[in-house]
Every structure is written in C-alpha cells, then in structure tokens.
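Beneath this line is the structure, given in structure tokens, with notes to follow.
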Amino acid sequence: MALIRTENLSHTYSTGTPFERVAVHDINFTAEKGEYVGIIGATGSGKSTFIQHLNGLLKPTTGNVYYDGTDIHESKKHTHDIRFKVGLVFQYPEYQLFESTVFDDIAFGPKNMGLPEDEIRERVYEAAGFVGLGESFMEKSPFGLSGGEKRRAAIAGVIAMRPEVLILDEPTAGLDPQGQAEIIRNIMSYKATHGATVLLVTHNMEEIARNVNRIVLLNKGNIVMDGTPAHVFSESERLSKLGLAAPKASLIAAKLRTLGLPLEQDIYTLKRLRKNLNELKGESGKLKAENEQHEIMAGQMNRPPVLQQEDVTGQMNRPPVWDANDGGEQHA
Amino acid sequence: MLKDITLGQFFPGDTLVHRLDPRTKLILMVVYITALFMAKGFPAYTFMLAVLITCLAVSRIKPKAIFRGLKPIFIIICITVILNIFFIRGETVLFQYRAIVITQEGLITAVFMASRLMMLIISTFLLTYTTSPITLTDGLERMLSPLKKIKLPVHEFAMMMSIALRMIPTLIEETDKIMSAQKSRGADFETGGLLKRAKAVLPLLIPLFISAFRRADELATAMESRCYHGGEGRTKMKILRFASRDFVALLFGACIVAAVVLLN
Ligand SMILES: Nc1ncnc2c1ncn2[C@@H]1O[C@H](COP(=O)(O)OP(=O)(O)OP(=O)(O)O)[C@@H](O)[C@H]1O
Ligand SMILES: [Mg+2]
C-alpha cells in the first residue's frame, strides 16, 4: 500500500475574494515507502502548496490525503500525530529558529512528542550528527551561527522527530555549492539509516538528477510529468517550455547526439556522460567512419581538469564552469 | 487563517469610486459620518442607508466582503443592541418579567444604534476597500500639509503610516509561515489552557520580531541607498489633482447633509 496518497487534491487560496487563486488542481499522487522523489516546477507552480497538504498543514479545498491508508484529517489529534511522521522542512527554515541554544531548538519537536528526557537527548545528538553539527554547537545560540549552519540546525530540528517521510522545500536554496552538496549528503545519510521516504522540492536540476529515483513535475498546479529522471529529462524541449531546463549533462548529450555521436538515451549526470564517452573512445579505433567528429569531442571532453576533479569530489553542480566552457550553446 | 482578515483591505477595481481623489473620499467619509450622527428618525435613516447602498453598488464591492469585514465588530454590535434593549426605559412596555423590562422605545433605539454603527463601519469600508493604502496616505499628507507651517512633521507621519500599512500584510504572511513551521514540529496553538497557549506563542514571537527588525533594517538601507532624506524638496511621481468628478462628488456630499437636515 502506498505510504502517502492524495486523491483529487485541489487547493484554492482566498476563496470568495478578488484574490482567489487555484494553487493546486486535482492532484493524484502516491509515494511508496523508501522512495526518493524530486518535485520540480516553475515558480508559482504550486509545489509548496502541495507539500503542505502532506502533513496536514493545509486542508484540501476538495479531495483527500491519506497516510498509510488513513485520512490525515480524520481527527485533530490524528493530524497532529501525522506531523511527527511526515517531517516538513520549510523554505528558508533558518528564519524559524527561536530557542536560546541549538540543542533546545532541535529538541523542540521531540519535546512536543512527549518523549522522555534521555530519548530527547539521544535524538538531538543523532540529528545533529546527521547534519554535521558537532558537540561544540549544542550550547551555542542559533543566532550566532552562519547561514549554512543555521539551515542545518533547522533541518536537524525536523530530523530529530525521526519522521518516516522527510519533505524538504528547496533545502539548498541560497547556499554555496559546498554547502548544497553537504545538505544533500545529510539527507541521504538520514534516508539510508532510517529507510525514510524523501520528497525533495528543488530548482536545481543537477542536484535532482544525481539523487532521486523519480521526478514529479508540476505546472500551474497540475502534475504534468511523473517518472524516472531519464524519462523526464529526455523531454528537454517540453521542460524548457514549462520554464525549466534539463541538467547540463543531458543537454550536452543531446547536442552530441545531433552531431552524430551514438550516445545512450538515459544520460543526465556528468558521471554517466563521461563514462559513456570513454566507452565510445575505446571503440573509436573500430569506428573509423565517425573518427573525425569523435576526435573533436574527445578533445573537448579531455580538456578539463574540472571534470576529473569533479569526479573525485562527487560534486558536479558547477554551472559556471560549464557556462564558461560551452558559452551557453548547450541551451540551444 | 490569519490571512482572511479583511479589515482595511484594498480591493483593486476601476469604478467611479475607485477613481475619485483620495482626498475627496476622505472628506466624503467625514461628511457622511457627520450626517449619520445628525440623522434622527426613520426617514433620515432610510435615506442614509439608500445613499450607502448606492455607493456600494457603484463601487462594486461584494456583499460577502462587507459581511466578512463586519465579523470582527459583530460582538460590539450585539452588546450595543442588548444594552439598549434592556436599559432604556420608555413608556410602552412590551414585555416584563420580574426586573427585566423591554420597552418599545428601547427596541427602537437599539435598532437605530445598531444600524448607525454598521453604516458607520461600512462607510469606512467604502474608503479603504476602494483606495490603496499608498494613495490614502498620500491624500492624508496633502490634506494635512498646511500643518507643516506650524512645524508638524506631516510628511514623516505619512511615511510612517504608509510603511506600517505596507508591512501589515507582510507580517501576517510571515506569522502564518512561522506558525506553519512550528506546527510542523508539533507546536499546538489551538488547544490547552491560557498558560499553555501563551507559552506556545513564544516560538512565534521571537522569529517574528527578528524578521521584523531585519526587514526594518533592510528597508532603511534600501531607502537610504535611494537617497531618501525626508520630505524636504521631495516631489511626487503622481500628483493628486481634483477632477470634475471630485467636485460633483463633493457637491453630492453637501446634498446629503442638506437632505438629512430637511428630513429631520
Ligand atoms: N498564502 C497564499 N495566499 C494566496 N495565494 C497563495 C498563497 N501561497 C501561494 N499562493 C499562490 O499559489 C500559487 C502557488 O504557490 P506556491 O508557493 O505553492 O508555488 P511554488 O511552486 O512553491 O513556487 P516557488 O518555486 O516560487 O516556491 C502561486 O501563484 C501563489 O501566488
Ligand atoms: Mg515554494
């Protein structure tokens, strides 16, 4: 049975005023246990509105939301309990810190769950560990932390409730590449340890390409695509019509394909692209016919110390590097 | 949700009332309220009501919006009605049970008071629903500008008011957001005793204050970097000008007062 299921979920803001607006329309969505789903969509497409239904913060104007088979609005108490199972990290969560120490702030959720003191302590330390905040941070004031540290403290505040489903609304927005990679790793390690289901809202396609195993695309409040990254990213034209762009790697691969390189269809990470190109290079002795074109490509792909370095660190989202090298032609 | 508060909210539109100069509307509102207090007796009240309904119809304000706006003051209206019914002792007794006496005069006064109160509030809606806060403060500033001669900081007051008005929706939105975030972590703002609820508000207030200060700071910086230095020598992009419709409207205001005097 699906862990989370929405049934004809619609939400209208400010009903009955001139500002009335349908933010989410007739969404039927399911997520199985252990899935890692990426939710993408242009600004204002209803992503934040949609995810706030999944832990009962917003009530559907019409339709229902089920968690583990039960309607989450069955009773007030039930909705309240669901919030501990479906942890929601808001956009810019660092603005919601309020306690005098990081420890107390992370402990806020577990305390509300009514857990005993030692269990709270254990969970707080575990959560802080997941996001890489050491002991030394525990007694600091959250307001004295850097932006990235605050963000991680806020995420720990949700993780400390050990939710079975972790939903994050643009958790990496406004951080530097290293901070972004760290947060994504933190989420991965929580997921791996607790077998949690993760829903990640993001505008960063590279990020989503490397991590999730399913992508849901929202447009104007409707789900317009739902499938594997390979499937979704293969339709780069449709994506750009919806105000989004496929990851650089899949755009480059598409371009190379039009130039005659027989690359595989499901390329959307640089790692994969590089591997495929190297495979082709191995065969190139035999494929004399394509020799000329291939030389150009191989030359281009060998140039960058960038690519090799990226392979080592596992960080591939450095758009500026690609922009500089390819001069935006990948957007063609 | 908090967002649904409509008291003092502006509904954009393009009707005659929307296009009137804010000063005209301010004057008309004062005139209308004065006339309302002058009105005595059934004919005058009916007339005032008819005027109000006509204006509402012209400005295309939905009845729904009016009812929603009246909701917060519903209790006050009820108290007024109850006090008047039970404590005004007239000649014609309609109902008596021990110390409780209801007289016709009390009943009539109650109805008049309640309708006066409602008409008063609704007439202010007519102003705030059809005038954007910025235009409104602009109008106020222009009307009060003679007071600058006696060294009253009119411009500063107007600027403070427009910033405050501008910030209300932002702060409400912010409160909503922080509330949602804390609710996601199991905060409970709805149940429990007074002490428990007061405690639950704390996680709200701290982030809210911090963000309000941050916003104020950012706004000050933004204003300064655009060389704001007070009202001295400052010109307007949109200069308020009375149009012929404003004169007609003011004439209409004078007619209301005259009519009320006659009907009394
Ligand atoms: N509290 C609200 N009141 C009224 N309208 C709202 C509210 N929140 C969102 N909306 C509207 O609903 C639509 C969907 O908003 P939502 O925040 O869900 O989009 P989003 O996909 O999360 O966008 P972003 O990528 O910018 O975060 C938008 O058009 C927005 O204007
Ligand atoms: Mg959003």
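The values are calculated or read from the model by the stated rules, or taken from the named source; none is laboratory data. Just so it is clear, the structure is predicted and the values come from calculations on it, not from any experiment. Quick reminder, even Gly has a Cβ in these numbers, built from the backbone with ideal geometry, and neighbours come from all protein chains shown.
Residue by residue, here is whether (1) at pLDDT below 50; (2) over 24 Å from the mean Cα position of the chain (by Cα) holds:
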| residue | (1), (2) |
| --- | --- |
| A:229 | no, no |
| A:236 | no, no |
| A:276 | no, yes |
| A:303 | yes, yes |
| A:308 | yes, yes |
| A:318 | yes, no |
| A:331 | yes, no |
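When segment A:84-112 is filtered for residues that are more than 23 Å from residue A:148 (Cβ to Cβ) and either of a type in the set (S, T, N, Q) or surrounded by fewer than 24 Cβ atoms within 10 Å (Cβ to Cβ) (or both), the ones remaining, listed by number, are A:84, A:85, A:111, A:112.
I'd like to know if segment B:98-110 contains one or more residues that are within 14 Å of chain A (Cβ to nearest Cβ) and touching a residue at least 24 places away in the same chain (Cβ under 8 Å). Looking for residues that are within 14 Å of chain A (Cβ to nearest Cβ) and touching a residue at least 24 places away in the same chain (Cβ under 8 Å), one finds none in segment B:98-110, hence no. Taking segment B:1-89 and the helices (runs of 4 or more DSSP H) fully enclosed by it, the elements with 3 or more residues that are surrounded by fewer than 12 Cβ atoms within 10 Å (Cβ to Cβ), at negative phi and away from chain A (no Cβ under 14 Å) are at B:41-59, B:74-87. Within segment A:184-204, identify whether any single residue is free of Cβ contacts under 8 Å to residues at least 12 places away in the same chain and more than 15 Å from residue A:42 (Cα to Cα), and answer yes or no. Yes, because at least one residue in segment A:184-204 is free of Cβ contacts under 8 Å to residues at least 12 places away in the same chain and more than 15 Å from residue A:42 (Cα to Cα). Identify the residue in segment A:182-216 that is away from ligand 2 (no atom under 16 Å from the Cβ), at pLDDT 90 or above and within 9 Å of the chain's Cα centre (by Cα) and, among all such residues, is nearest to residue A:230 (Cα to Cα). Selected residue: A:212. Only residues that are surrounded by fewer than 17 Cβ atoms within 10 Å (Cβ to Cβ) and near ligand 1 (Cβ under 10 Å from one of its atoms) were counted in segment A:23-56, giving 3. As for segment A:89-100, it holds no residue that is under 25 Å from the mean Cα position of the chain (by Cα), at pLDDT 90 or above and away from ligand 1 (no atom under 16 Å from the Cβ). When restricted to residues that are within 16 Å of ligand 1 (Cβ to nearest atom) and touching a residue at least 60 places away in the same chain (Cβ under 8 Å), segment A:125-172 contains 5. Among the conditions (1) in contact with a strand residue (DSSP E or B) (Cβ under 8 Å, 6 or more places away or on another chain); (2) touching a residue at least 60 places away in the same chain (Cβ under 8 Å), the only one that residue A:92 does not satisfy is (1). Here the strands (runs of 3 or more DSSP E) wholly within segment A:14-120 that include at least 2 residues being more than 9 Å from chain B (Cβ to nearest Cβ) and within 16 Å of ligand 2 (Cβ to nearest atom) are A:21-31, A:36-41. Filter segment B:175-232 for residues that are within 9 Å of chain A (Cβ to nearest Cβ) and small (Gly, Ala, Ser) and give the result. If the condition is that a residue be within 9 Å of chain A (Cβ to nearest Cβ) and small (Gly, Ala, Ser), then B:180, B:181, B:184, B:186, B:187, B:211 are the ones that fit. Filtering segment A:166-181 to residues that are more than 14 Å from every other protein chain (Cβ to nearest Cβ) and either within 16 Å of ligand 2 (Cβ to nearest atom) or not in a loop (DSSP other than H, G, I, E, B) (or both) leaves A:172, A:173, A:174, A:177, A:178, A:179, A:180, A:181.
On the stretch given as segment B:70-97, residues that are touching a residue at least 12 places away in the same chain (Cβ under 8 Å) and not aliphatic (A, V, I, L, M) total 9.
Return the total of residues in segment A:1-13 being basic (Lys, Arg) and within 14 Å of chain B (Cβ to nearest Cβ). Residues that pass the stated criteria total 0.
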